[in-house]
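Following: one structure in structure tokens, then a few remarks.
Any read-out appearing in this document is the output of simple, stated calculations on the displayed coordinates, not a laboratory observation. If you're wondering where the values come from, they're calculated on a predicted model, not measured in any experiment. Backbone-built Cβ (ideal geometry, glycine too); neighbour counts: all protein chains shown.
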Amino acid sequence: MLPVALTLLMTFGATEERYDHVGAVGLLMALSGQYKAANNPFEVGTRAGVEVGGSFNLGYKSNELVIAARATFGSPHVGSPDYGTPACGSGSTLPPWRCVAEDRRLHEVDTLLYGGYRGYFGERWKTFVDLQAAVSFTPFLAAGPRLGVGLQYELSSIAGLYTQVAAVLGFGEVLQFRAELVIGVQLRSFLLE
């Protein structure tokens, strides 16, 4: 009798699963990959990284304010091996980037902070658009817009998996462009309800 009563209670007394983010505060954790092009030859290439951030519901549907920090890791760049050799002398046929001196910056770690609006469309399967500002701190200071689109699947009312592609332009000590792929999880608590 007890199992039947518990089954009836769980069936009729259970609240419906909700997939909106209204009133939610979230934790974002992700892995990322990026291709970076810049007017500094040591900054060009692919990198992998980790990202952590937060999301705060704006009170209308599932739209959120997102703030995240990312660190990407690449190979060390200490200057061109041809710099200062006779191969870089006058009349050299080497590309100019092969004859660049060491700039004494840490190129192995690239840090980025971004934040702004994330708008969702859908229920359990959501598409989203990011309109944000981004600031790169190392190895060069640069700031600019970040635009992204993504897909999120809600595992439950408190967790979702997402993937995103984004582009970032940076203006400052260098001119840079980043193409990003992000795969992550969003954990939510409905503290603001």
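If Lys and Arg each add +1 and Asp and Glu each add -1, what is the summed charge of the other residues whose beta carbon sits under 15 Å from the beta carbon of THR46?
Charge balance near THR46 sits at 0.
Under 5 Å between amide hydrogens, which residues at least 5 positions from LEU155 or on another chain qualify, with H placed 1.01 Å from N in the peptide plane?
Those lying under 5 Å, H to H, from LEU155 are GLY160, LEU161.
Once you put a point 7 Å from the Cα of THR163 and another 7 Å from the Cα of VAL185, both along the Cβ direction, what distance in nm separates them?
1.8
Under a 5 Å amide H to amide H cut-off, with H placed in plane at 1.01 Å, what residues pair with SER62 once short-range neighbours are removed?
Placed amide hydrogens put HIS21, TYR120 under 5 Å from SER62.
At SER156 and VAL135, where each label point lies 7 Å from the Cα along Cα→Cβ, what is the point-to-point distance in nanometres?
About 3.7 nm, to one decimal.
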